[in-house]
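Report on one structure; see the data block that follows.
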Amino acid sequence: MLMTVLVIAVLVMFGSCGGAGTSTSGPIDTPSKTQTLKGDWGANIGQMSKITQTNVNNAAPMYPAKYTFNVNLNPDCTNDYVVFPTGAKGTNTGGNPTPSIIAFNELYASQGGGLPAGVCSTTGPSVAWAYLNVTCATSTTTSNDPILSSPVISLNGKKVAWVTSSGKVQILTIGTTGSNGLSATNAVCIENAPGGAATTPNNAVLNSITLGNAKNNPTKVSLSEIFVDYNSDSAYVGDDDGYLHKITPFFTASGALTEVTTPIWQALHGYSIGNLIVDSNGFIEKCTGSVFLGISGVTQPNWNKTVGGTTPDVGITWTNEGSGGGWPVYVTGTSAHEDNSQLSGPVFDFVSKNIFIGDQHGSLFYVLDPGTSTAVGSCANGATLFPCLGTPGTTTGIPTGGGPQMDCSTASPSATCMVMSNQDVPFTDSVIVDSSNALVITQFSNTDNTNAEVEQTNTSLSVFHSAVLAGKVNVSYHTGDFDNTYFSTPASGFYYVCAPDPTGHMTDLYRVSFTNTSGTIALGSTNGTPFQLTTSNNSANCSPITEIFNTATSTDWLFLSVDNHGVTPTCNNQSCVMSFTLGSSMVSAVNASYVGSGNLNGTGGFIVDNVANTTTFPQASSIYFAPVANNLSCGDGSSSTVCGIKLTQSGLK
């Protein structure tokens, strides 16, 4: 996924109306403002690609990733690249060859005679590499482990990481010699695992580790993506059984990846006071009593599930520490219930050192991992060992749902989650964390079977604010974004997000304000008249929103897509991409829109490359994304496939 931390703040979600009870589309673009793939480029990423849809409630939208990270650097045709995961079982044989992951360089170019031609002087991009995410010793032709998550890139750009749906965390060291894949139809296997000797076809390295927990080894990963804390070179990822994992070192690992784990119980083993193990329920047990040399029994004891409860084990007494003291952290387990819920993508806050993560039932959790820093928040159940599952300092006021949500929100002696939606719907997107102002923000299109809301807490989950956008609907709306003003003056800035219109029949763009009370920033209320994104009496699923302030033009851009019924003439009641310019007033017009060579069927998330001056660097200052549709014609001449697409920020052309 897009890593949800910004340099000054860490992203945020939703936005909304003001005094008006009706929505409006205002002035809209004309077809002449938008072209198809001609002005920019579309490149084949594989016929079998499966880009995570914006209209799927149980999957996170897939983003490409771009190197270099600094948007203020001049474009570099050789070293800058964009990488697209395909979501496919990669293969280089048969009738539909498709890579697992593919990257392009020479980005700043156009296709089909489009003008300007681009600073790279090429016809479209070049394939930098195309791999199957499998070592050649395993298979030279096929990978059966699709990458359905967004990739992350190392600071030096030499490595790319992701997590697969089967629970494999993988790091690719990009090959520099031999064949590293020439096109989407000629992907290659990766020659080495760590420590291997390169022979053919390349010197690329695939470093993999399979996640496991007390319940399932291996485990699976459906909603989560990798979050990397570059300062400590640690990676965090949630699994489908309710466990949060940590891997360190990560990008700098010199050999095989190593997950931070707590030892499992061993029979006839000597333990000392203070030793920790993980029991068969997933909780941490601490040796608090030892006689007869502290030797454990022949068979595993019947563990006391109550936090603070003790378990005799021949010469040892174990005390249940709950979800505190070791990795992986059992996030969704309580004394009374061993719930195994899918976790969303985690977000590590580099100020509080807390990790925030949602689950498939609409509950929000946090884990304290302060290291040598002062902990922010409190461990659940009075635990004193780190890492630990945190306990919220307040409630949201949303009535608790049933099942696992009831278990965590009413756990004794302390709750372990905040109820953000009681409709048994997942966090498909990671929360957004503004580290500078200690805000944690999320959104749901149905929080309580009544309203669609943006919701905000803080980094110890001890406050709660919400902004009601409209009545609830059962469609997908994803992460919103701040405008540029927010980063300098939060109380004057806004958060933009998609939500249903007041009638529930259409999809609108909203913005929400913030307040500043004695230096404490908090979510405010909807502001301005919501802008209608879809045609009358038609709703659509909305993509995540991406904002970028282009310093070369002093323009604050916002980009999104709808998976159907786009309102502009160019959209023509189909799926389309739209751009907006943000200012002090709520938007009242679409700047430009794009439909491509066919119905996009929605898109994944958008990323930006830079804010370069396009007179000096033509075809720079662009956005990149992949549509869901797999029957498009790309600008490189390929057809009936999925395209990786580049569009300029200024005109989507």
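A few remarks follow.
- Some residue of the stretch 130-140 being among the hydroxyl-bearing types (Ser, Thr, Tyr), in a loop (DSSP other than H, G, I, E, B), without any contact (Cβ under 8 Å) to a residue 40 or more places away in the chain and surrounded by fewer than 24 Cβ atoms within 10 Å (Cβ to Cβ): no
- Residue within the stretch 71-80 that is at pLDDT 85 or above and either outside any loop (DSSP other than H, G, I, E, B) or under 23 Å from residue 542 (Cα atoms) (or both) present: no
- Subset of the stretch 621-652 [of a type in the set (A, V, I, L, M) and farther than 22 Å from residue 152 by Cα]: 629, 632, 652
- Those strands (runs of 3 or more DSSP E) lying entirely in the stretch 332-403 with at least 1 residues over 19 Å from residue 432 (Cβ atoms): 363-368, 388-391
- Criterion (under 24 Å from the mean Cα position of the chain (by Cα), surrounded by fewer than 21 Cβ atoms within 10 Å (Cβ to Cβ) and polar (S, T, N, Q)) met by exactly one of 564, 538, 484: 484
- As a summary of the residue check, residue 406 satisfies the conditions (1) under 30 Å from residue 504 (Cβ atoms); (2) in a loop (DSSP other than H, G, I, E, B) except for the one numbered (2).
- Condition met for residue 352 (under 26 Å from the mean Cα position of the chain (by Cα) and within 22 Å of residue 321 (Cα to Cα)): no
- Some residue of the stretch 193-211 being within 23 Å of residue 259 (Cα to Cα), part of a loop (DSSP other than H, G, I, E, B), of a type outside the set (Val, Ile, Thr) and within 21 Å of the chain's Cα centre (by Cα): yes
- The stretch 361-379 - residue that is without any contact (Cβ under 8 Å) to a residue 60 or more places away in the chain and hydrophobic (A, V, I, L, M, F, W, C) and, of those, farthest from residue 241 (Cα to Cα): 375
- Residue list for the stretch 308-355, restricted to those being surrounded by fewer than 24 Cβ atoms within 10 Å (Cβ to Cβ) and hydrophobic (A, V, I, L, M, F, W, C): 314, 327, 336, 350, 351
- Candidates in the stretch 635-653 are the residues that are crowded, with 24+ Cβ neighbours inside 10 Å and part of a loop (DSSP other than H, G, I, E, B); of these, the one that is farthest from the chain's Cα centre (by Cα) is 635.
- Residue count for the stretch 314-326 under the criterion of being free of Cβ contacts under 8 Å to residues at least 40 places away in the same chain and assigned to a strand (DSSP E or B): the result is 2.
- Strands (runs of 3 or more DSSP E) lying entirely in the stretch 239-306 (those with 3 or more residues that are more than 26 Å from residue 163 (Cα to Cα), in contact with a strand residue (DSSP E or B) (Cβ under 6 Å, 6 or more places away or on another chain) and free of Cβ contacts under 8 Å to residues at least 40 places away in the same chain): 284-290
- Annotation note: of 128, 187, 161, the sole residue that is over 20 Å from residue 234 (Cα atoms), touching a Leu at 6+ places or on another chain (Cβ under 9 Å) and modelled with pLDDT of 95 or more is 187.
- The residue list 529, 551 contains one member that is crowded, with 20+ Cβ neighbours inside 10 Å, within 27 Å of residue 652 (Cα to Cα), among the hydroxyl-bearing types (Ser, Thr, Tyr) and in contact (Cβ under 8 Å) with a residue 24 or more places away in the chain, which is 529.
- Failed item in (1) surrounded by fewer than 24 Cβ atoms within 10 Å (Cβ to Cβ); (2) more than 30 Å from residue 516 (Cα to Cα), with residue 376 passing the rest: (2)
The values are calculated or read from the model by the stated rules, or taken from the named source; none is laboratory data. Being a predicted model, the structure only gives us computed values, none of them experimental. FYI the Cβ positions are ideal-geometry reconstructions off the backbone, even for glycines, and counts take in every protein chain you see.
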